[in-house]
1. Exactly one of (1) in a helix (DSSP H, G or I); (2) at pLDDT below 85; (3) surrounded by 15 or more Cβ atoms within 10 Å (Cβ to Cβ) is unmet by Pro28. Its number?
2. Inside the range 58-83, can you point out the residues that are part of a loop (DSSP other than H, G, I, E, B) and in contact with a strand residue (DSSP E or B) (Cβ under 6 Å, 6 or more places away or on another chain)?
3. Can you tell which of Lys139, Lys43, Lys131, Lys110 is surrounded by fewer than 19 Cβ atoms within 10 Å (Cβ to Cβ) and modelled with pLDDT of 90 or more?
4. Any chance you could count how many residues in the range 89-117 are basic (Lys, Arg) and farther than 22 Å from Ile47 by Cβ?
5. Looking at the range 94-147, which of the residues that are among the basic types (Lys, Arg) and in a strand (DSSP E or B) is nearest to Cys61 (Cα to Cα)?
6. What's the number of the only condition in (1) modelled with pLDDT of 80 or more; (2) among the hydroxyl-bearing types (Ser, Thr, Tyr); (3) surrounded by 16 or more Cβ atoms within 10 Å (Cβ to Cβ) that Ser82 fails to meet?
7. If you check Gln86 against the conditions, is it part of a strand (DSSP E or B) and within 17 Å of the chain's Cα centre (by Cα)?
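The values are calculated or read from the model by the stated rules, or taken from the named source; none is laboratory data. Fair warning: this is a prediction, and the values are worked out from it, not measured in the lab. Backbone-built Cβ (ideal geometry, glycine too); neighbour counts: all protein chains shown.
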Amino acid sequence: SKPMLGKFTSNHVQVYHQYSRTVSLKKPKKHTPRSWIETNFQKRECIKFIPCPKDETKCCCGQSRQTHQTIPGIESGSPGDSWLPQKHTRAQPTDAYGTIEFQGGAHPTKAQYVRLSFDTRPELLVQLFTKEWNLELPKLLITVQGG
């Protein structure tokens with residue numbers, strides 16, 4: 001059988017929980033999970049372009065110079081500078097979450113995802129899965145870094 005592929009566009013950390021076809025899913029809580037997610041989860045955006053040693057048209061964060069976020073007053077780094085997510089990124093409320101549909105299997109499979117920061121507290125993920133999305137704790141947690 002073909003591997004399942006997901007439709008998404010992002011070069012940042014995502015968290016996926018694959019729905020099981022054998023488990024009946026409960027509806028999420030009535031209060032707006034969107035506001036809870038945006039309040040409790042942050043994403044990170046690179047704020048300093050530091051050329052990658054292998055390809056100086058790309059930043060060490062993986063973005064090209066053209067698509068890289070520019071912040072007034074913050075100048076580009078030099079090739080060979082060390083890029084550190086703690087130093088060269090800015091945290092802001094996440095705006096990337098929802099449902100992804102995987103294709104290529106016998107049946108379409110859906111999964112929920114959220115883009116989050118590398119320093120997210122694990123307790124928040126447990127609450128997201130068990131209380132907000134009404135899911136059991138996953139046996140496997142997949143993160144995607146880079147694109």
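1. (1)
2. Of everything in the range 58-83, those that are part of a loop (DSSP other than H, G, I, E, B) and in contact with a strand residue (DSSP E or B) (Cβ under 6 Å, 6 or more places away or on another chain) turn out to be Cys61, His68, Gln69, Pro79.
3. Exactly one residue qualifies, and that residue is Lys131.
4. 1
5. Arg115
6. (3)
7. Considered against the rule, which asks whether it is part of a strand (DSSP E or B) and within 17 Å of the chain's Cα centre (by Cα), Gln86 comes out as no.
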